[in-house]
Amino acid sequence: MAKNKKRKKKKKLRKWILFRDGLINTILSLIVCYLLSFLFLNISFFNPLTKALQDFSFLDVYYSERLNENQKVNPNIVLINVEHKSREEIGVALKELLKAKPKVVGFDIILKDFKKTAEDTLLAFNLNDKRVINSLVITEQNLISNHPFFTFKNKPGFVNFNFENQNSVIRDFDSEKYVFKGKHESFSVILAREYLPERLWDTYKLDKKLEGSRVINYQGNLNHFLNMSIDDFMALNDKSIVKEKIVLFGYLGAPTGNVYDIEDKHFTPLNSITSGKSIPDMFGVVIHANIIAMIISNSFMHKIQTFWILILTFLFSFLASIYFIWLNKKLKISYRTVRKTVLFVFTILLVWVTLLLFKAGIVLNSTPIIVVTVFSAGFIKFYKHLVRWLNTKTKFKSYLN
């Protein structure tokens, strides 16, 4: 009996030491990870690698696969390409468009100067229609908006996407921004609110869902929306195709959809090349159309908060530390092979779960979880050296002894 009790006590102590070693290894590896990330962010030599990591998301892989699916044309949104048309041509097209009774019109063009012409007067008259929503750009210094001559009944919305890094992949958008002692609302959100009946807006609880930054649930690229040039629109005998629709006026390349035209074009997760992107893939108007489509169909993606990502990262790192410390003691020859195999399987499984969650409308940023967990598993080698060094100074009990 005494031997059994002693054996159980020793076994409990070993478990406690394993638990403690795992905790110490996890904390040390997280500290080193943080210091290394700080190094990467602050040394210019690492800038290309840092930007590549920041611009990568498994969400991009999900969307690149989704592109291969048949895209149905959205029945609610029409895009009209202004190309490099004159103000007279744009003004006449806008006049004809308003006659066709669209529900709401988004004018993604900023007229910074007034030329004192009849064409500007015509354009201003039509832009003053209550169905027209105009745009502005928020910069660090000021707001870039239309010339005062172009007065509008509706407050314009900002067309910015990424405020911190304009060249990064557009995955999120802000519904509102408080700058220059005022609140400004997103161009896309205003258009969606004007289109949806108030009853549906309240039923979907969209005010709450649009709080803060939201992940864009992309519906498709340019081909997902009915699009045409001004010339094509003006050539239509029956313009009722835009009746009760959301119509967006903006730049879509010259000619429409030109792959190599990068004016007002951005990187998005729908880029067919998920790594090493060289050419922006989506015009700003199309991104707005995707945001509007997401809002009016109430098909939001829900992002798991950073707090829970940190908790999951710590938990997986801790479990990996305990398991591989135990494995290191048990296996002498095949430890490295088994460790690499287990980590490979873990990575594949977590990526698979991440993609499944994307399909369910849940965004899990699993990259830091994978990176830190793999790092913690590899850090055991350094922890083992630390234990040996500590034992030269004092008696330090470790599962690795």
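The values are calculated or read from the model by the stated rules, or taken from the named source; none is laboratory data. None of these values were measured; they are calculated from a predicted model. Ideal geometry is used to build each Cβ from the backbone, glycine not excepted, and the neighbour counts take in all protein chains shown. For the accessible areas, the whole protein counts, side chains as well, though only heavy atoms, and no ligand, DNA or RNA atoms are used. Shrake-Rupley method; radii C 1.70, N 1.55, O 1.52, S 1.80 Å.
Per residue of region 5-18, in order, report the coupling 6.51 cos²θ - 1.76 cosθ + 1.60 (Karplus, θ = phi - 60°) as ³J(HN,Hα) in whole Hz, putting x for Gly and Pro.
5, 5, 5, 5, 5, 5, 5, 5, 5, 4, 5, 5, 5, 4
Would you please give the FRET efficiency between Lys395 and Leu319, computed as 1/(1 + (r/R0)^6) with r the Cβ-Cβ distance and R0 = 22 Å, to the nearest 0.05?
Details: r = 28 Å, r/R0 = 1.28.
Step by step, r from the Cβ atoms, then E = 0.20.
Using the Karplus curve 6.51 cos²θ - 1.76 cosθ + 1.60 with θ = phi - 60°, what ³J(HN,Hα) values do you get for each residue of region 113-130, in whole Hz, with x for Gly and Pro?
10, 10, 9, 6, 10, 5, 5, 5, 5, 4, 5, 4, 4, 6, 5, 7, 5, 5
Between Asp231 and Lys177, what is 0.36 nm times their sequence separation minus the Cα-Cα distance? Round to one decimal in nm. Don't skip to the end; give the middle numbers.
On the way: separation 54, 0.36 × 54 = 19.44 nm, distance 3.59 nm.
In short, 15.8 nm is gained.
With both partners inside the chain, how many of the DSSP beta bridges are antiparallel, as a percent to the nearest 5? Walk me through the numbers before you get to the answer.
On the way: 11 of 33 bridges.
Expressed as a percentage, antiparallel bridges in the chain total about 35.
Can you pull the percent of the chain's accessible area that's carbon plus sulfur, 1.4 Å probe, other chains left in place?
Numbers: 13550 of 22640 Å².
Ligands and nucleic acids excluded, carbon and sulfur give 60 percent.
222 nm [θ] for the chain, helices only, -39500 (n - 2.57) per DSSP H run of 4+, per residue, to 500? Let's see the in-between values first.
Numbers: 13 runs with 196 residues, N = 401.
Per the formula, -16000 deg cm²/dmol.
Provide the gained length on full extension for the span Arg14 to Lys239, in nm with one decimal, where the gain is 0.36 nm per separating residue minus the Cα-Cα distance.
Full extension from Arg14 to Lys239 adds 73.1 nm.
Using a Förster radius of 45 Å, what is the FRET efficiency between Ser168 and Glu88 based on their Cβ-Cβ separation? Nearest 0.05, please.
Details: r = 37 Å, r/R0 = 0.83.
The calculated FRET efficiency here is 0.75.
How much accessible area per residue does region 266-401 have, in Å², with a 1.4 Å probe?
53 Å²
Of all beta bridges DSSP finds with both residues in region 97-230, what is the antiparallel percent, to the nearest 5?
On the way: 9 of 15 bridges.
Restricted to region 97-230, the bridges split so that about 60 percent are antiparallel.
Any chance you could list the semi-axes, whole Å, largest first, of the equivalent ellipsoid that the Cα gyration tensor gives for region 127-170, using √(5λ)? Show your work: numbers first, answer last.
Numbers: eigenvalues 121, 30, 7 Å².
Whole-Å semi-axes of the equivalent ellipsoid: 25, 12, 6.
So, in nm, how far is label Val73 from label Leu35 when the simple model puts each one 7 Å beyond its Cα toward the Cβ?
That separation, rounded to one decimal, is 6.1 nm.
In terms of modelled amide H atoms, which long-range or inter-chain residues lie less than 5 Å from the amide H of Ile133?
Those qualifying (amide H under 5 Å, at least 5 residues apart or on another chain) are Val105, Gly106, Phe107.
Label points 7 Å out from Cα along the Cβ direction at Lys208 and Lys6: separation in nm?
Spacing of the two 7 Å Cα→Cβ label points: 6.4 nm.
Can you list residues from other chains, or at least 5 along the same chain, whose modelled amide H is less than 5 Å from the amide H of Val78?
Those lying under 5 Å, H to H, from Val78 are Ile246, Val247, Leu248.
Mind ranking 375-386, 252-263, 8-19 by how tightly packed they are, going by the mean number of other C-beta atoms within 10 angstrom, highest first? Can you show the working numbers first?
Values: 375-386: 18.3, 252-263: 14.9, 8-19: 12.5.
Ranked by mean Cβ neighbours within 10 Å, highest first: 375-386, 252-263, 8-19.
Would you kindly calculate the translational diffusion coefficient of region 225-270, applying Stokes-Einstein with the Kirkwood radius from alpha carbon pairs, for 25 °C and a viscosity of 0.890 mPa s, and quote it in µm² s⁻¹ without decimals?
Values: Rh = 12.5 Å.
Approximately 196 µm²/s, per Stokes-Einstein.
Can you give the charge dipole size of region 269-400 about its Cα centre, rounded to the nearest 20 debye, using +1 on the beta carbon of Lys and Arg and -1 on the beta carbon of Asp and Glu? If you can, show how the numbers build up before the last one.
On the way: 15 positive and 1 negative charges, 252 e Å.
The calculated dipole for region 269-400 is roughly 1220 debye.
Taking log10 I(q)/I(0) by the Debye sum over Cα atoms at q = 0.06, 0.10, 0.11 Å⁻¹ as the quantity of interest, determine which of [x] -0.36, -0.77, -0.87; [y] -0.28, -0.75, -0.88; [z] -0.36, -0.85, -0.97 was computed from the displayed structure.
Recomputing log10 I(q)/I(0) by the Debye sum over Cα atoms at q = 0.06, 0.10, 0.11 Å⁻¹ here gives the entry labelled [x].
Give the angle, between 0 and 90 degrees and rounded to the nearest 10, that separates the Cα long axis of helix 306-330 from the longest principal axis of the Cα atoms of the chain.
Tilt relative to the chain: about 30 degrees.
Check which residues have an amide H placed less than 5 Å from Thr268's amide H, if you skip close sequence neighbours.
Residues meeting the amide H criterion: Ile170, Asp281, Met282.
Which of the residue pairs Lys115/Lys239; Lys10/Lys395; Lys99/Lys208 have a Cα-Cα distance greater than 28 Å in the structure shown? Write out the running numbers ahead of the final one.
Details: Lys115/Lys239 30 Å; Lys10/Lys395 18 Å; Lys99/Lys208 35 Å.
Long pairs (Cα-Cα over 28 Å): Lys115/Lys239; Lys99/Lys208.
For the chain, what relative contact order do you get, as a whole percent, if you take Cα pairs closer than 8 Å and at least 6 residues apart?
Details: 569 pairs, mean separation 98.2, N = 401.
Over the chain, the number comes to 24 percent.
Which of rounded, prolate, oblate describes region 246-321, given a ≥ b ≥ c as roots of the alpha-carbon gyration tensor eigenvalues and a/c under 1.5 marking rounded, otherwise prolate only if a/b is larger than b/c?
In terms of gyration-tensor shape, oblate.
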